[in-house]
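Quick notes on the structure that follows.
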Amino acid sequence: MINIKDIQSKYKKAILESQKLYADRRAKDTAGAVRYTKGKIVEDITKDIIKIAWSKISSDETRLRMDKKKVVIKTNDEIYKLSQDIHIYIDNIFKISVECKSYTEVAMYKRVLIDASLLKEAVPTINAFFIIQLENFLNRYEMKDLIMPLNYSEKQCL
């Protein structure tokens, strides 16, 4: 079973690789490659943390499954295929959706909220949404403006 020390080691190694990638690619499309690498770090570490948390709840690892399969969403006459980074299934029921970002700013955060809202309509068994991020560019007042219309408290989202 993975532990916190393993996650810390994985994070340090991934950040060093990301810094090397940035240094090696300065003249090329560095931003996209670094953003992808950091996003993958967040996703991998989040999966590890979910597994650790699950091990505290149940010793039966087969009850937990994660994927990022597209969910078909029908609105009016349009059909979308939507997914977030980690879909968590417990006993094969989609329960939790997680979006992983290396950083988040207002427009990205709004998009995550819209996607979560569409997913909740399409999959009523989902009872929690999370955004996991390394850093954000949202100040306290922007967070409050985004969260309060959804009837969530600031503490629930921070």
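The values are calculated or read from the model by the stated rules, or taken from the named source; none is laboratory data. Predicted model only: the values in this text are computed from it and were never measured. FYI the Cβ positions are ideal-geometry reconstructions off the backbone, even for glycines, and counts take in every protein chain you see.
Of 51, 10, which residue is outside the structural domain of residue 133 (by TED's automatic domain parsing), modelled with pLDDT under 90 and in a helix (DSSP H, G or I)?
Working: 51 fails: modelled with pLDDT under 90.
Answer to the selection: 10.
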So which of 101, 110 ends up being out of contact with any Leu (no Cβ under 6 Å at 6 or more places or on another chain), at pLDDT below 90 and in a helix (DSSP H, G or I)?
110
Inter-residue pairs, beta-carbon under 8 Å, first within 17 Å of residue 116 (Cα to Cα) and in the range 64-83, second among the polar types (S, T, N, Q) and assigned to a loop (DSSP other than H, G, I, E, B), 6+ apart
68/83; 68/84; 69/83; 70/83; 71/83
Filtering the range 90-107 down to residues that are surrounded by 15 or more Cβ atoms within 10 Å (Cβ to Cβ) and small (Gly, Ala, Ser), which residue is farthest from residue 14 (Cα to Cα)?
97
Residues 21, 16: which one is among the hydrophobic types (A, V, I, L, M, F, W, C), out of contact with any Phe, Trp or Tyr (no Cβ under 6 Å at 6 or more places or on another chain), at pLDDT 75 or above and in a helix (DSSP H, G or I)?
16
